[in-house]
1. Starting from the Cα-Cα distance between residue A:717 and residue A:177, subtract it from 0.36 nm times their residue separation and give me the gain in nm to one decimal.
2. Which value, in Å², gives the accessible area per residue of chain A when a 1.4 Å probe is used on the protein heavy atoms?
3. Could you tell me what percent of the accessible area of chain A is made up of carbon and sulfur, with a 1.4 Å probe and every protein chain present?
4. How large is the charge dipole for chain A, taken about the Cα centre, if only the Cβ atoms of Lys, Arg (+1) and Asp, Glu (-1) carry charge, to the nearest 20 debye?
5. Using the C-alpha atoms of segment A:355-475, what convex hull volume per residue, in cubic angstrom, is computed?
6. Three principal axis extents, largest first, for the C-alpha atoms of segment A:795-840, in Å?
7. Report for chain A the percent antiparallel among DSSP-assigned beta bridges with both residues inside it, nearest 5.
8. I'd like the Karplus ³J(HN,Hα) series for segment A:193-198: coefficients 6.51, -1.76, 1.60, θ = phi - 60°, whole numbers in Hz, and an x wherever there's a Gly or Pro.
Amino acid sequence: MSAKYQPSQFEKKWVEEWENEKAYKSRPTSAKATVGKEKSYVLAMFPYPSGAGLHVGHVRNYTGTDVVARYFRMNGHSVLHPMGWDAFGLPAENAAVKAKKNPMDMVPEHIATFKKQMKSLGFSYDWDREFATTDPNYYKWTQWLFIQFYKMGLLYKKNAPINYCPKCKTGLAEEEVLPDGTHERCGNKIEKRDLPQWVFKITKYADRLLSDLEGLDWPKGILEMQRNWIGKKEGINIDYKVVGNDHRVVPDFSTITCFTTRPDTNFGATFIVLAPEHEFVRKILNLKSQVTNKSKIQKYIEETASKSEQDRLNEQKKKTGVFTGFYAINNLNGKEIPIWVSDFVLSNFGTGAVVGVPAHDLRDYDFAKEFGIDIIRVVVGKDGDKSKITKREQVQEEEGKMINSEFLDGLDIHVATKKIMDFIEEKGWGKRVTTYHLRDWIFSRQRYWGEPIPMVFCENCAKNQLNQSSQSKSVKSVKTDLTDSTDLTGSTEMAGWFPLPESELPLKLPYVKSYEPTESGESPLSTILEFVNTKCPNCGGKAKRETDTMPNWAGSCWYFIAFAFWNKEKDLALQFLSQRGPLHPESEKIVSASSLTPSFENFKFQISNSGNLLPVDWYLGGAEHAVLHLLYSRFWVKALYDLKLLDFKEPFLRLRNQGMILAEDHRKMSKSFGNVINPDDVIAEFGADALRIYEMFMAPFNQEISWSTKSLQGSYRFVKRIWDLYQVYSVIPTKAGIQKPGSPIGVGDDKAEDKQLVVRLQKTIKKVTSDIPDVKFNTSIAAMMEFLNYYEKNPQGLSKENAKKFLQILAPFAPFMTEEIWRSVFSEKDSIHLSSWPKVEGEIVEEEIILPIQVNGKLRGTVISSQSESVESVKTKALKDEKIKKYITGEPKKVIYVPGKIINFIV
RNA sequence: GCCGGGGUGGUGAAAUGGUAUACACGCAAGUUUUAGGAACUUGUGCCUAACAAGGCGUGAAGGUUCAAGUCCUUUCCCCGGCACCA
């Protein structure tokens, strides 16, 4: 009898076999070979290898990616499908601190576990491309890139109030702080601290980061999140003259500048509000005379300062504030409007000063109501209501026409906005400005476990005002394009700072006993004198190294580029050659990036020899990176494009999100809840194929879903049924003809196969072929299940060729079982995964279609029809039907017939 | 408040404007088995009805159409993101 389905008996074998056969080796295309052959770079967001091992959520992501990679491989594409390890950063280090192990020892163990698990799942990675971001041979390039960006003027060090996590004892980027003011990694409350930090000028690229989103095939939501994060706003800064109670201009601070996007409403301005931190407020408090409200203001500011950000947000509804005793003059109508201070105005947006138009802004309205300030309507909305504004609901912003605004009256608000901006600029009262929400990127961490920043500070050179720009040449041309007032690289502030020469890379992270973060706000590296003390690259005198490290984002900002030219095989070849004697100059060509000295030429060389695989065509991963990794990588690629190191501007052409997998109890899987599903256990019980099929079938790929072991059974049954079906055939001694046992016909005879079944197979192939690139894995599998239901019941079966086709379309989902059958039942020599994807030529001709019959649009019966049948013929058949006769007497008024779809009689 | 995604059986979910609930889980009955958290067969939206047959059904209310889960208008609710951003 046939063999029982026991995946453990062959899954391991195929992992090894595929490796020996180099089945999944990427085949980069040379420029010539590209003709008529497409490439697909299919990438899953690489994992941080935690101690917990692979999560079923990883499995979902990587299986989906693997299905896409296998699909394109079988469709003849040049496929790059690599995997690596994002191993630097806080999670690894915090775990190491907890386990009292050096992360340098711990990370390789975790990687080994992950890799073993991934292999057992049959992911078709080209393991020759593997690297960890913690490899000195990898991070020497990360460091080199840092230096290039520094030379471009994109990096500078400054002392500024930054977000600081007291638990992780490090500074953080704006993007790493959650809306509730906690650290996205550890959940601890963030504080503000003054610390010297390396800062990346990502804001220089704000416009391009925004406009290039246009061409990307990404989920709408992610695009929107990036747009919001960049937060481009076009408005105008308007200057207001300030007068005191005596209506005389105050000489010391004659103007306040307010940012607004709605200058059209300026005739309705009745007050100005300053953020408590506004410098004007400080000036008032320093004034000797003239200030009546001084103590009140002082008190208010102290109060707001003592409130936490959280408290400020919680008190959203009730507006607070204090009048300064000063007035601003609205140039448009000469009116004096009072200047207030309130904490609802943010000091870090716009100018920290707002002109209040209570009729047309909810916050201004609330504020005016609270303090009895005038409310003047200047816009009439769609409803035509011109009455005085007394209710919150009347405050509308969307559309409308101007009133009470002199020369703007009657204009549409958008037209009026333009007109008054022109007017104000002409008069010299203000200037158009663009503001962004995006902030420069704090790039240094006071932690051990990261790439050391390859910079040296020389006190001597600092005294002499020397720095990098006094010696560099290579990247100058690019730099001039980007230089502006905020460029500090060449300024005195950066005096004394020098990047390491390329020959000194990598700057290795020292292996140390004590790597815990310190309280001082300095990296643990700062206590290691052998690391700190060095020579100045410029004058050769005594100097000190930067001891901060890079954030975990650094390694992931360019790993997808590295995959294109990383190559272990080449490294081995080089080792082999070097053992035989001195290297021939030609051998450079086989050198992979890991063994090369970082340099402009070598980087370019690697890219140009990477076989046109870049950029990434398919990027699959979670949505949580929307404004972190996905924004940072885009930024680096654009900078590298400007350096002419890359010839593309966007790293990820297509992005697809994978939904989270929750535990069976609908909570997050967590050790403490005891609801974690370990993929190893599932594989041991059901096999890797069943797990893969289940995870692809459980729900649409991008949807969050709870685990269900019962549902998994269904996928397991599906896999087993296919196995049994094909096993039975293998023991019948024919020319591998496919037939049901005991069936009298169809042995090895193509003519005998069931035509309806073949049509169904064709439809299934078509469906799977179009569903996979649509990332509709669940419906692909449903279609194959549907087919199997017919296949099993069909007495004749399929020809050998067609039986193989079904196996092929299943192969991306269930690589082990299909391979086993392919080679054992069908005695194929080469892997099914390298076979050609089955094609369905032309239209599928269905001979029998059950055609629904409607009368007056209601379903009343069905009739057997075919795609090409005429109206008359169908009509005659339909009208003979007893059920239909009941509803139709005489000739129908109208007949609507859509061949193969429906016939509808109107009576 | 703004932006994005949704609302369809007991559950996960399918449906280029053309038989709503494919596929799977669960459940029920039956067959088989020493047994089963195994396999197989049949059934399974709701209501009336023994059957036949009919009616109602995709969050709600309208509309367009021969025909609407799908298109349009209004509205309610859920999830995710952003937010005193001027």
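1. Once the chain is fully extended between residue A:717 and residue A:177, it gains 189.8 nm.
2. I get 45 Å² per residue for this part.
3. Whole-percent figure for carbon plus sulfur exposure: 51.
4. 620
5. In segment A:355-475, the Cα convex hull volume per residue is 302 Å³.
6. Taking the Cα atoms of segment A:795-840, the three principal extents are 28, 24, 17 Å.
7. Close to 75 percent.
8. Those phi angles translate into 9, 8, 9, x, 9, 7 Hz.
The values are calculated or read from the model by the stated rules, or taken from the named source; none is laboratory data. Bear in mind that the values here come from a model prediction, so they are computed numbers and not experimental data. Cβ atoms come from the backbone with ideal geometry, glycine included; neighbour counts cover every protein chain shown. Surface areas here come from the heavy atoms of the whole protein model, side chains and all, with no ligands, DNA or RNA. Shrake-Rupley method; radii C 1.70, N 1.55, O 1.52, S 1.80 Å.
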